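The values are calculated or read from the model by the stated rules, or taken from the named source; none is laboratory data. Treat the numbers as computed from the prediction; the structure is a model and nothing was measured. In this analysis, Cβ positions are derived from the backbone assuming ideal geometry, glycine residues included, and neighbour counts consider all displayed protein chains. Side chains are part of the model used for accessible areas, which takes the heavy atoms of the whole protein and leaves out ligands, DNA and RNA. Shrake-Rupley method; radii C 1.70, N 1.55, O 1.52, S 1.80 Å.
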Amino acid sequence: MNVTSQGQTSAGAGPSEAGPAFGLTLLAECTRPPRPDQLRAPFHGPTGIVLANHFLVRSLPNTKTIYQYDMKIERTNNEHAKPPIRSKCRAIKAVLKTRHSDIFPANLTTFYDGSQTLYTTGRLQLHGPEQSFDVQLRDALNRNLQEDYRVTLKDSKQIDLEGRYAFVNGIIQTYDIPQDLVQALDVAMREAMTCSNVYFEHGKRFFRDNAGEYNETSYGKFWDGFYQTLKKTMQGLAVNVNKAVAAFYVDRCVAKNGSVINGAPTVANYIMSNTNFSEAETMSQLRGATVVVGVPQQSNGTRTFIKKTFKIETFAGRPRDVFFKLGDTDQEISVADHFEQTGRTIQFGDLPCVKLQSAPGKNVMVPSEYCLLLTPQHIRVSTEKAEQNAFSKGIILKASSAPHVTRATIQRLMTNQNNNQQPAGQPLLPRPGSTPQGFQMNVSADMTQVIAKLLDSPLLCSSRRADGLVPNDGTWNILETKVARAGRIDSWLIITFKPLREDETQCSEAINPFRQRLMTTCKNDLGIDILKEERFKRPLHYVDAGILDNYGELYQSLRAIITHSPNYGTTLVIFVFWAHSYSGYQFVKHICECTLGVITQCCKYDNIKNGASKPYLRNLALKINVKAGGTTSYLQGGAIAAGSRSRCIVMGADTSHAGKGEDPAVTAVVASLASPALNGNFQKYAARIRLQAPRVELIQDFRVMAQELLGPLRSSLGVRDFQATRVIMFRDGVSEGQFEDMLTQEVESLRAALADVFGTATRPRITWVVVQKRHNTKLFTDDPNLRMNSNDPNRRSQLKPGLMVDEKITHPADFDFYLCSHPAPKGTGKPTHYHVLYDENGFGALELPTLVNRLCYTYARCASAVSIPAPTFYAHLAAYRGHQLYTALRKKGELSNLNFQPDQLPATYDLSGQLTAGIKDTMFFC
């Protein structure tokens, strides 16, 4: 094998077990691999044409230079004020440009990112390298108040447009186009939308009030919109456009019967508009929303009210029942009395107060009728199933349009067909890709045609089908294959958290059929002979649901049932939660996995009260089996080439930021556990989970976590001197702007960890792949050979699993590809974008996509291919479990003395160390 000076195989050389880069020293720095030569690996499978929602830039604006300036905005008459939001920054910039025409010539085109960067098509007439200006702006909430700002403009750089046209016209492919030019053009497109007075900007998406219908619970209004961004691709610069749907709080509230309650969008009207008011469900929707509240102020004997904005934290009691200390005195007064003393009567005294986020040590309670929702305001929609309510599910369903609908919507945006529906006198809608007047950029209205390759589906084997079964459009019948290997559970029991008012006899009548059907599903349907008949006949156990939030009482109750009863030796506990929400879920997981050392499976009473559906029972059984050490299926021939299976390690990593902004981030790393019986299928994994500073994406303890995972790997093999030759890492949740930092930090940490364990000279070769799901590239096709086989017209237009694109819409120089490995259940399926950041194994253009596609069939919780490789999915699940453990520890008060700020120690915390020895290296997180 030919080895380059950087320790990588030469172009076209496939991975080989022989000849690792053993004599090479560690690289001075990690570098990105070039795209493999596709001519050396011709594809002989099915191909066809697909359309991508990338629209080619035909020509750049007719200007030679873009001037970039740093723009700093500071409040001068209120040093404690928060930095201005993007919309206010744009208003400040507009005032500055109007009042200083000597600085901004009339023929000058400007575009501003709403934060710190201003672009112009000509040089500003500044008095020196930087200049400051004083700008006055009326308070948007209190028109009689003035806000004073100091704006400082500083000359930053010049961006040359000359010499870039060859790239845009597709004559040559070059990596030389600077990212700052792409960013400037992207800001120019955004400026055209914000200045149109038609679209409302939310992040990188733009929405308009298109008279959409209110939903039945009157939470808000659905607005249609789109996403746009400029990308460097193999064909040139292209605008990526995708449809978007979001919900917004509106300026009126409508009851279910259609009547308007009140013109003011107060929290009280928001509550009353839903006749089936649920405090928990409503607060899950309102938490974090911005409201306007009048704060009384006394000046010269006159009381005035200053409008201020707050964020909602939670609900409190009724105004008459909530008391607080008045000023610096010890006198307590109710919220209702305080508002009446300030001349504000309370009309809806039975509605709860709203607790607002404020400075530490302060409790701001306001009656719901005096909290005015700021409109238009985006409504947060939870994507976690446990937190979804009817409204969340409704908007997700509305956004999940079939492929032909999504395609038509995007095409209509690009051809300006929506202007045909604009009322007379209304401004025309600028199409995506538009730029400000005087800075025109020509963007094609046609989607990009690209050749797609259809990778073969792997053969699936199990205890019943050793000869192999070919999946049908990414799925297979688990009843036909059974599980490949059954886990071991010596005994088990069911514990139900039941409200006191519920009768135990009725509960037993509902849960007993579920027990019997679960056992039948395991034994007869899936071949899991882990539930012994005589063990199964033990009585049910009931625990008062009222103690779920009390860790001490809950621990004593569970400990008495699991270890101090005739059921001692239990290895699995199935918990049935009666309530709609998983109250106490975090405590249950912590007690069982960190103290008692038993695996758990939780389910909701609503899902089992009628015996539970067959798909639900099979899903439950598969999760139990994998937690107990079993495997669902394995791939014939393994996930990777023969001769290198046993000495390859597959890893996954993820960082999760769920929760409040001040909560620590949860990091998770998983690594495969080898087993001769699995024949290189990478079905078993161990995980390490840690906390680190909030909103920090890169894993700080990556080196230590990777070292710890090599111990369980060697134990699973029973070989102390096991020598791995290759490590393949799949990293989730990283944006392109963090690629370089990842190379210098996480990749280097993994290299160092492997060198520590295996030695520098014999360090395994690394391939590092970034897995990106949060992108907006969609693929469509009219080719029946590339679409799924189904009688359902929506599913029939979905892409066939295994479809891969690695040209035209991919990066001009880097090794990346798009792969749709899963059957989309609804909506428009989105391919996963894989970006190879580092490759010492010299994977070919087809070898790595084939490996990725095969790993998507090894996810143990379902009989279907999934959208991302199994180790990435497991890392995500482990990070989610880390959030549950963190929440339990925080509620117990065990983390109150820890500081997770990057500049203060301890900056990390080992959550895996909380787990018992028997749980730590299992797949407890599934």
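Quick notes on this one:
- With a Förster radius of 56 Å applied to the C-beta separation of SER59 and LYS604, the computed FRET efficiency comes to 0.45.
- Extension gain (nm, one decimal) between ASN524 and SER790, 0.36 nm per residue minus Cα-Cα: 92.9 nm
- Ranked by the mean number of other Cβ atoms within 10 Å per residue, highest first, peptides 873-879, 504-510 order as 873-879, 504-510.
- Taking 17 Å as the straight-line reach from the Cα of LYS623, the aspartates and glutamates in range (excluding those fewer than 8 positions away in the same chain) are ASP490, ASP525, ASP529, GLU593, ASP921.
- FRET efficiency, ASP37 to ARG86 (Cβ-Cβ, R0 56 Å, nearest 0.05): 0.80
- Were the residues from ALA917 through SER735 laid out at 0.36 nm apart, the gain over their Cα-Cα distance would be 62.0 nm.
- Bridgeable aspartates and glutamates around LYS393 (alpha carbons under 15 Å apart, same-chain partners fewer than 8 residues away excluded): GLU216, GLU281, GLU384.
- Length gained on full extension, ALA140 to ILE103, computed as 0.36 nm times the residue gap minus the Cα-Cα distance: 10.7 nm.
- Inter-label distance, nm, simple model (7 Å from Cα along the C-beta direction), GLN516/PHE323: 5.7
- Pairs exceeding 23 Å between alpha-carbon atoms, taken from LYS231/LYS778; LYS498/LYS609; LYS773/LYS826; LYS589/LYS773: LYS589/LYS773.
- Placing SER735, SER462 in order of accessible area, with the largest value first and a 1.4 Å probe, yields SER735, SER462.
- Amide proton proximity set for THR832, modelled H, under 5 Å, gap of 5+: LEU819, CYS820, SER821
- Peptide packing for 342-354, 772-784 was compared via the average number of neighbouring C-beta atoms within 10 Å per residue; ordered from the highest value, the list is 772-784, 342-354.
- The lysines whose alpha-carbon is closer than 18 Å to the alpha-carbon of LYS72, local same-chain residues fewer than 8 away aside, are LYS82, LYS88, LYS93, LYS97, LYS154, LYS157.
- Using a Förster distance of 45 Å, the FRET efficiency for ALA280-ARG488 (Cβ separation, nearest 0.05): 0.70
- Approximating the spin labels as points 7 Å out from Cα along Cα→Cβ, the ASN416-to-SER196 distance works out to 1.1 nm.
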